[in-house]
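This report refers to the structure that appears directly beneath it.
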Amino acid sequence: MPDATHIAAIHAREVLDSRGNPTVEVDLRLRGGALGRAIVPSGASTGRHEAVELRDGNPTRYDGKGVLRAVAAVNDVIAPALAGDNPADASEQAALDALLRELDGTSNKSRLGANAILGVSLAAARASAHAAGIPLYRHLGGESATLLPLPMVNIISGGRHAAGGLDMQDFLAIPIGAPTYRAALRMAVDVHRAVGRILTQTGPYGHGVADEGGYGPPLPCHEDALGLLHDATRLAGYRCARDGDIAIGIDVAATEFRDAAGGYTLQAERRTFSATELADLLAHWAGTYPIISIEDGAGEDDWDGWAYLTERLGTSTQLIGDDLFTTNPQRLAMGADRGIANAILVKPNQIGTLTETLDTVRLARQRGYLPVISARSGETEDTTIADLAVATGAGQIKIGSITRSERLAKYNQLLRIEEELGEHARFAGRDVFARFLAQ
Ligand code: PGA
Ligand code: ZN
């Protein structure tokens, strides 16, 4: 059948994410019968420069968070255009995504919604992989897609993802000493368990589960979170060191506590920092704890703050731009021209199509930035990012913690891929950070 990969039908529906918020699910069927399904995730600490997530704003449904308008955009606008008399070819991803952008017609996907557009883009990729009879990672990455990512695993949450009082968003365990992905995952589980044991002993913190599955304890200050992570790693029998088994990562998510005057107020530290002082604080911690990665250590539009942070820590530490770059090639190019940050968080729904996501990863490589494929705080059973990490050979993935099935869906998918690749599976471990470890 010559047109087996042409789109026969597209149908979207409103489903729920891991916070119980509505999100878009898309079913896309090809003429040859293959079906692709994708569900779009959603952030809480979103960047100002992200593509627009279309929400209904009707306060009588889901506090205004319904996505019926985005669902209608798929069913009433995109479906007739792509699955009509002149159907689009799902195996031509770049052309399909260009068509979607054209249909939307805005620079930030605000007409149809990035949630509507990404749902169709990812469902098309899945359908096309099914039609070809190959796994998604191979469909997107070819035969050379054999590198399993090093996971950076959320253990303690603060900021918008937890109610414990820490301003910074993530304290992560990075199992740099693991020989395989499977071993890395197990090490992270051991550290998570050990933190739970310490929290129970030192209570009255309770366990609680934050938005990304980690603990959200009411610790008195941020350094306590670092100390806790450090102690738990040792309790679990590992060496917490840059040349050891586990290194530490932080997602500062600084945009969330930056005020209009440019100050960074940390409630847990009871003071306001300038960008320089915040970078100095992070550098001080990096001198005390084995911190190998810091994300959003300055606000999304604080280019001077970022420049200082990069000057201070850029040779020794991975500095990831999340809200800074929003997976946007133009934003990344701006940062690269100024020599800011050295890594980029890659979240497909920040930009809104698979093709643009892949373009951003490609550009990151060209400009010497490490790509880190990432989930959102609002997630679902959709596992696309696991395959995307292997397809791009990104080397790193950030999914959240090792509890809550919307996180495990991805971790488990990576276990399946590792098994399927068998002796071809590669894992870089600490080598991902070679350029920082040489310092
Ligand atoms: P978000 O958080 O999905 O709420 O934006 C994830 C992150 O900041 O990395
Ligand atoms: Zn972030």
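Beta carbons closer than 8 Å, at least 6 apart along the sequence or on distinct chains, pair a first residue in segment 165-187 that is within 16 Å of ligand 2 (Cβ to nearest atom) with a second that is hydroxyl-bearing (S, T, Y) and open to solvent by 30 Å² or more (accessible area, probe 1.4 Å) for D167/T265. Among all residues of segment 139-148, there is none that is within 17 Å of L226 (Cα to Cα) and assigned by TED's automatic domain parsing to the domain that holds A236. Identify all residues within segment 150-173 that are out of contact with any Lys or Arg (no Cβ under 9 Å at 6 or more places or on another chain) and buried (at least 21 other Cβ atoms within 10 Å of the Cβ); write none if there are none. Once the filter is applied, which keeps residues that are out of contact with any Lys or Arg (no Cβ under 9 Å at 6 or more places or on another chain) and buried (at least 21 other Cβ atoms within 10 Å of the Cβ), segment 150-173 yields I155, I156, S157, G158, G159, H161, A162, L166, M168, F171, A173.
Could you identify the single residue in R197, R239, R193 that is touching a residue at least 40 places away in the same chain (Cβ under 8 Å) and either of a type in the set (A, V, I, L, M) or over 26 Å from G297 (Cα atoms) (or both)? So the residue among R197, R239, R193 that is touching a residue at least 40 places away in the same chain (Cβ under 8 Å) and either of a type in the set (A, V, I, L, M) or over 26 Å from G297 (Cα atoms) (or both) is R193. Just one of the listed residues (G36, G66, G32) is at negative phi, more than 24 Å from the chain's Cα centre (by Cα) and modelled with pLDDT of 95 or more, namely G32.
Candidates L309, L313, L319: the one that is within 20 Å of the chain's Cα centre (by Cα) and outside the structural domain of G43 (by TED's automatic domain parsing) is L319. For segment 162-175, indicate whether the set of residues that are away from ligand 1 (no atom under 16 Å from the Cβ), within 20 Å of A375 (Cα to Cα) and either acidic (D, E) or touching a helix residue (DSSP H, G or I) at 6+ places or on another chain (Cβ under 8 Å) (or both) is non-empty. Yes, that holds for at least one residue. In summary, W306 fulfils each of the numbered conditions (1) at pLDDT 95 or above; (2) open to solvent by 10 Å² or more (accessible area, probe 1.4 Å) with the single exception of condition (2).
For segment 81-124, residues that are in a helix (DSSP H, G or I) and closer than 16 Å to E356 by Cα total 23.
Looking across A247, A210, one residue alone is within 16 Å of ligand 2 (Cβ to nearest atom), closer than 29 Å to T272 by Cα and small (G, A, S). It is A210.
In segment 372-394, the residues that are on the phi > 0 side of the Ramachandran plot and outside the structural domain of V15 (by TED's automatic domain parsing) reach residues that are hydrophobic (A, V, I, L, M, F, W, C) and part of a loop (DSSP other than H, G, I, E, B) with C-beta atoms within less than 7 angstrom, at least six apart or across chains, in these pairs: G393/A145.
The values are calculated or read from the model by the stated rules, or taken from the named source; none is laboratory data. Fair warning: this is a prediction, and the values are worked out from it, not measured in the lab. Using ideal geometry, Cβ is built from the backbone for each residue, glycine included, and neighbour counts are taken over all protein chains shown. In case anyone asks, the SASA skips ligands and DNA or RNA and just uses the protein heavy atoms, side chains included. Shrake-Rupley method; radii C 1.70, N 1.55, O 1.52, S 1.80 Å.
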